[in-house]
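The values are calculated or read from the model by the stated rules, or taken from the named source; none is laboratory data. Remember, predicted model here, so these are calculated numbers, not experimental data. For neighbour counting, all protein chains shown are included, and Cβ atoms are generated from backbone atoms with ideal geometry for every residue, glycine included.
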Amino acid sequence: MERQDTDKEKEKGRPTAELDSQKAELAGQETFEWVSVLRQRIEEANRAYYGLDRPKITDAEYDALMQELMALEREYPELVRPDSPTQRVGGYIAKAFNKVVHAEPLLSLDNAFHAGDLREFDRRVRAISPHAEYIVELKIDGLTVALTYADGILSCGATRGDGTVGEEITANVKTIGAIPLRLPQSRARLDIRGEGYMPKASFLQLNQEREEEGESTFANPRNAAAGSLRQLNSKVTAKRKLGFFAYQVLGVDGQGLTTQEEVLAFLASLGFVVNPEFRKFADVESLIAYCEGMAEKRHGFPYEIDGLVIKVNSLAEQRKLGFTAKSPRWAIAYKFPAEQVETVVEDIVVRVGRTGVLTPTASLTPVLVAGSTVSRATLHNLDYIREKDIHIGDHVLLQKAGDVIPEVVKVLPEKRTGSERSFGMPAVCPECASPVLQEEGEVAHRCTSISCPARQREAIIHFVSRAAMNIEGLGPALIQQLLDAELIQDAADLYFLEFDKLITLERMGKKSAENLLEAITESKARGLGPLIFALGIRHVGEKAGKVLAKAFASMQRLAEATQEELQQIPDVGPIVGRSIVQFFALESTRRFLDKLRQAGVNMEAEAWEQPGLLAGKTIVVTGTLERWERREIETLIERYGGKAAGSVSKKTDFVVAGEKAGSKLAKAKELGIPVMTEEEFGVYLEKAGAPTK
Ligand code: IVH
């Protein structure tokens, strides 16, 4: 889980100093109580984080609290409870989703597109409720999630389904940090509704990772959120960084609430995250001005919104207004003017990726959308094209998903002339003519030849990319040039490039040739982790590369590992394990690795990648640092296998203290824990041959 740094708060000695003293106070009391303090702190941090507020503690502090809680729960299993934050990590694997009948049906909202529609809505409301006030909330672009709490404990989470019957996704919902597992009050039953969503940043990162790992990508954050919540394995959901904003309580009568404003405050008091952007209006004209102003600001939020929801504030008036067959009369959705533009799918071309996945891509008549000209949009896979019924020649609506990725929203069938052509996946690879296969249970089609030139080109692009061997100055165009000139066939050939040949390439000057050769040579010592990632093994991303480097410490040992050995490593499941074994069983892999070895590429873990340097060490950083940012030093500690903790205890191995270190330094001295200056810590790492940048 990524959290933002909060150096300033840390420097003030809060909140861990506060925690330390609380802990001391509790020293004589039951572990039981300490466990509940830990849980409370973790849940508070979760809410701050998912509520998109300023996080109150750092990642490292959060991890330290979580580790401590997990250790205590391991030691005293009788203390484990279904509402403990440790239960959020997922792990429950369902065979299928059960059906849930909603306590009350989930209705949809009528839409307003113009000021006139809002005035009309206001007129209808005032006919029945002359003095109505309105609450305007953001319309979050995610999916409705219905929650049920029994005796204060989250007992059921469900999707909307058809509005009457949804799917039970309790295990998945529990992984969302913004959803309380337990409420501060225990009524027999409480039903809460709100919007589950994926923040834009998580969506972009998820798609990037899926692309890296050779998986097909999601079209937009809403699909990604829905896909994540409909996972049979809740561990997958736990990794997806979803959020939740609560906006509705059923059976409000029993709660003594009289307005939507109070409902939101009540939800917040129960520990839910309520979107803070709501506003109250007494007259429709100022409401309209606000709605129109928000259309301009719609992209400024870290999550996607597709409009605003306008609700009559008084719950008594809401009841008076009642419902039509499908929607409430007391609410309406204001949809922002479309940022969708029309264009034409001139062609659908198939691109072949590094793992052989064929991705259909629309070539579009160039159009300006949300600030940039777009002429291509990925169509992800054949299922997507069929679902949207996209034909070559179709007029389509285009928008930006997550404000970045061009997305074909829908076809405009009324504009068809009859000359449109349907698209089919080619039976053979467009680049090498090898057969294309769709594996059972997969949406992706793949080229079956590992020597496919497209796959090889993409594999080289991946090999030299930043998180892999990081060879600067070697972009896709130059790679294509090298391939065309037959100076290389695969990435290993890069290490045998000669200056005299390189200089013969078009547009290649003396200086750039020298720089390139130097960058290539430098990359030989990039480290085992990046090298494993660079190989482009399916399902092995950047993080898995590091984990494998640490566990095996040499390419040879990794190549010889059995599936069982691999699966003993945390984060390596059967699919990843099998993929690794299959990769190293290939004759072509053996030849490729031999070439790298001959070239002098380092295949052993560098000293800093070896387990041992900081492995098993718990380190606390305190005070004001000069040489590193707080985040940098914590990353360094983690890179070398250590744990950066937030508070000093007997378990701390040493403390790195900067200027103005306060209570933590004092505590370390009191406990006799070694203290280093920032400089000494740097020397310590460098002596072990570990880079400190
Ligand atoms: S209120 C009785 N408030 O928009 C209707 N809905 O058609 C209660 N949505 O899919 C809905 N943000 O999940 C409401 N602040 C908000 C919302 C919101 C997003 C979604 C909702 C539903 C659709 C309404």
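Out of (1) away from the ligand (no atom under 16 Å from the Cβ); (2) at positive phi, what's the single condition that is false for THR355? (2) is the only condition that THR355 fails. Counting just the residues of the stretch 298-355 that are basic (Lys, Arg) and either in contact with a Leu (Cβ under 6 Å, 6 or more places away or on another chain) or surrounded by fewer than 22 Cβ atoms within 10 Å (Cβ to Cβ) (or both), which one comes out modelled with the lowest pLDDT? The residue in question is LYS326.
Of the listed requirements (1) of a type in the set (A, V, I, L, M, F, W, C); (2) at pLDDT below 85; (3) in contact with a helix residue (DSSP H, G or I) (Cβ under 9 Å, 6 or more places away or on another chain); (4) surrounded by 15 or more Cβ atoms within 10 Å (Cβ to Cβ), ILE42 misses just one: (2).
Does any residue of the stretch 280-292 turn out to be within 12 Å of the ligand (Cβ to nearest atom) and either within 31 Å of the chain's Cα centre (by Cα) or more than 20 Å from THR144 (Cβ to Cβ) (or both)? Give the steps one after another, and end with the answer.
Restricting attention to the stretch 280-292, the residues satisfying the condition of being within 12 Å of the ligand (Cβ to nearest atom) are none.
No, that holds for no residue.
Give the residue that is farthest from ARG230 (Cα to Cα), with candidates limited to residues of the stretch 119-146 that are within 8 Å of the ligand (Cβ to nearest atom) and of a type outside the set (Val, Ile, Thr). This residue is GLU137.
Only one of the numbered conditions (1) surrounded by fewer than 17 Cβ atoms within 10 Å (Cβ to Cβ); (2) away from the ligand (no atom under 15 Å from the Cβ); (3) within 28 Å of VAL274 (Cβ to Cβ) is violated by PRO105, and that is (2). Considering the stretch 302-322, and only residues there that are within 38 Å of the chain's Cα centre (by Cα) and of a type in the set (A, V, I, L, M, F, W, C), the residue that is nearest to the ligand (Cβ to nearest atom) turns out to be VAL309.
Go through the stretch 370-411 and count every residue that is of a type in the set (Val, Ile, Thr), under 21 Å from the mean Cα position of the chain (by Cα) and part of a strand (DSSP E or B). Before you say what the answer is, go through the steps one by one.
Residues of the stretch 370-411 of a type in the set (Val, Ile, Thr): 373-374, 378, 385, 390, 392, 396, 404-405, 408-409, 411.
Filter again for under 21 Å from the mean Cα position of the chain (by Cα), leaving 378, 404-405.
Subset that is part of a strand (DSSP E or B): 378, 405.
Result for the stretch 370-411: 2.
Mind checking which residues of the stretch 160-196 are of a type in the set (Ser, Thr, Tyr) and closer than 25 Å to SER84 by Cβ?
Matches in the stretch 160-196: THR170, THR175, SER186.
The stretch 570-671 holds strands (runs of 3 or more DSSP E) entirely within its bounds, and those carrying 1 or more residues that are at pLDDT below 90 map to 643-645. Once the stretch 175-223 is narrowed to residues that are more than 16 Å from the ligand (Cβ to nearest atom), assigned to a loop (DSSP other than H, G, I, E, B) and in contact with a helix residue (DSSP H, G or I) (Cβ under 6 Å, 6 or more places away or on another chain), the residue that is modelled with the lowest pLDDT is THR217.
Checked against (1) in contact with a helix residue (DSSP H, G or I) (Cβ under 6 Å, 6 or more places away or on another chain); (2) under 20 Å from ILE140 (Cβ atoms); (3) part of a loop (DSSP other than H, G, I, E, B); (4) within 16 Å of the ligand (Cβ to nearest atom), ALA246 meets all criteria but (3). The residue of the stretch 147-169 that is farthest from the chain's Cα centre (by Cα), among those that are away from the ligand (no atom under 16 Å from the Cβ) and assigned to a loop (DSSP other than H, G, I, E, B), is ASP151. Of all residues in the stretch 653-667, at least one satisfies being surrounded by 14 or more Cβ atoms within 10 Å (Cβ to Cβ), among the aromatic types (Phe, Trp, Tyr) and in contact with a Pro (Cβ under 8 Å, 6 or more places away or on another chain).
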